[in-house]
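The values are calculated or read from the model by the stated rules, or taken from the named source; none is laboratory data. Model, not experiment: these values are computed from the prediction. Don't worry about glycine lacking a Cβ; one is built from the backbone with ideal geometry, like all the others, and counts go over all protein chains shown. These area figures cover heavy atoms from the full protein model, side chains too; ligands, DNA and RNA do not enter into them. Shrake-Rupley method; radii C 1.70, N 1.55, O 1.52, S 1.80 Å.
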Amino acid sequence: MAPSSYNYTSPQDMWYVLIGIPGLEDVHSWISIPICFMYIVATVGNLFLIFLIVTEQRLHEPMYLFLSMLALADVLLATSTAPKMLAIFWFHSVNISFGSCVSQMFFIHFIFVAESAILLAMAFDRYVAICHPLRYTAILTSSAIGKIGIAAVVRSFIICFPLIFLVHRLIYCGRNIIPHSYCEHMGIARLACDNININIIYGLTVALLSTGLDIMLIIMSYTMILCTVFQIPSWTARIKALSTCGSHICVILMFYAPAFFSFFAHRFGGKTIPHHIHILVANLYVVVPPMLNPIIYGVKTKKIQDRVILFFSPISMCC
């Protein structure tokens with residue numbers, strides 16, 4: 001069909017249909033139960049973690065301040081996706097305007113890139129703590145932590161803001177079915193009756209130069225950490241040093257592994273990976289890591305454990 005024969009639609013007049021998880025429509029109500037539970041746990045757990053860090057003076061250290069940033073990002077990521085997802089599963093509220101869809105797209109990508117930067121900052125914190133312990137307080141001052149947080153937000157905004165213009169510039173001709181539970185960049189772009197090569201190139205470039213670069217720097221940080229740790233003569237000291245990194249490594253794996261599975265499956269999976277598996281993993285990705293992050297740090301970090309016990313001890317005494 002020639003381009004002139006298309007019935008072009010103004011983006012402002014577009015309404016999209018989010019169909020949830022294609023092929024699993026009959027079990028949407030069952031899938032919604034664990035997703036709802038994980039969303040509640042993620043929200044309550046991360047807000048409680050932020051509360052503990054803010055109110056406990058002993059937790060006003062770089063590691064915990066970065067953790068509070070991560071917890072805030074987790075709450076925002078889950079909240080930008082899960083409520084609409086549950087509305088689709090429970091109430092068949094599948095319609096979403098173009099403006100709302102683009103806004104959701106921006107916030108999802110913005111939070112993801114910011115969270116990646118926070119994980120890099122946490123890796124840098126562990127590197128300084130283990131490789132340069134005598135300079136730790138001099139390097140990671142309150143001012144430096146604030147600047148790192150601001151830099152993470154500004155970088156994420158600069159990277160993700162062009163996505164809004166990239167989807168607005170496209171020509172649309174009425175296709176409005178998004179086989180997903182939330183809006184993301186390529187999902188919107190693929191509905192256009194236009195050349196989306198720029199969108200594809202920009203998406204790949206962003207993934208490689210932001211998240212990909214973050215991963216490389218994290219790997220470098222932990223390589224230097226391991227080199228330093230294995231030069232320590234005492235096995236007890238080695239284990240203690242590595243244990244301080246254990247929770248962060250778990251969080252890194254949970255964050256990047258499903259994200260890159262979703263990224264490459266969306267672009268290169270083709271018929272190899274069933275589409276419903278890809279969408280299901282993408283849905284779980286926005287609630288599982290946010291749910292597990294406060295649990296992992298609560299289990300592996302003694303100072304947080306002590307603060308939780310102290311917080312609940314008056315309650316138990318009253319009861």
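All of (1) in a helix (DSSP H, G or I); (2) over 25 Å from A82 (Cα atoms) hold for A207 with one exception: (2). Within the range 166-185, track down each residue that is open to solvent by 30 Å² or more (accessible area, probe 1.4 Å) and either at pLDDT 95 or above or of a type in the set (S, T, N, Q) (or both). Result: N176, single match. Can you confirm whether T205 is closer than 30 Å to K240 by Cα and of a type in the set (S, T, N, Q)? Against the criterion (closer than 30 Å to K240 by Cα and of a type in the set (S, T, N, Q)), T205 does not qualify.
Return the residue satisfying two criteria in turn: it lies in the range 53-109 and is of a type in the set (V, I, T) and not in a helix (DSSP H, G or I), and of such residues it is surrounded by the fewest Cβ atoms within 10 Å (Cβ to Cβ). Residue satisfying both the conditions and the ranking: V94. In contact with a helix residue (DSSP H, G or I) (Cβ under 6 Å, 6 or more places away or on another chain), without any contact (Cβ under 8 Å) to a residue 60 or more places away in the chain and in a loop (DSSP other than H, G, I, E, B) - does that describe any residue in the range 173-186? Taking every residue of the range 173-186 in turn, none turns out to be in contact with a helix residue (DSSP H, G or I) (Cβ under 6 Å, 6 or more places away or on another chain), without any contact (Cβ under 8 Å) to a residue 60 or more places away in the chain and in a loop (DSSP other than H, G, I, E, B).
Which pairs do you get when a residue that is outside any helix (DSSP H, G or I), found in the range 289-302, comes within reach of a residue that is surrounded by 17 or more Cβ atoms within 10 Å (Cβ to Cβ) and at pLDDT below 85, reach meaning Cβ atoms under 7 angstrom, with the pair 6+ apart or on two chains? Close Cβ pairs (under 7 Å, with a partner that is surrounded by 17 or more Cβ atoms within 10 Å (Cβ to Cβ) and at pLDDT below 85) amount to T301/S247.
Counting the residues of the range 14-28 that are in contact with a helix residue (DSSP H, G or I) (Cβ under 7 Å, 6 or more places away or on another chain) and either charged (D, E, K, R) or under 20 Å from A78 (Cβ atoms) (or both) gives 4. Evaluated against (1) closer than 21 Å to Y285 by Cβ; (2) free of Cβ contacts under 8 Å to residues at least 24 places away in the same chain; (3) of a type in the set (A, V, I, L, M, F, W, C), F91 falls short on exactly one condition, (1). Being at negative phi, touching a residue at least 12 places away in the same chain (Cβ under 8 Å) and of a type in the set (F, W, Y) is a property that holds for F112. The single condition among (1) under 26 Å from L24 (Cα atoms); (2) of a type outside the set (K, R); (3) touching a Lys or Arg at 6+ places or on another chain (Cβ under 8 Å) that C101 does not meet is (3).
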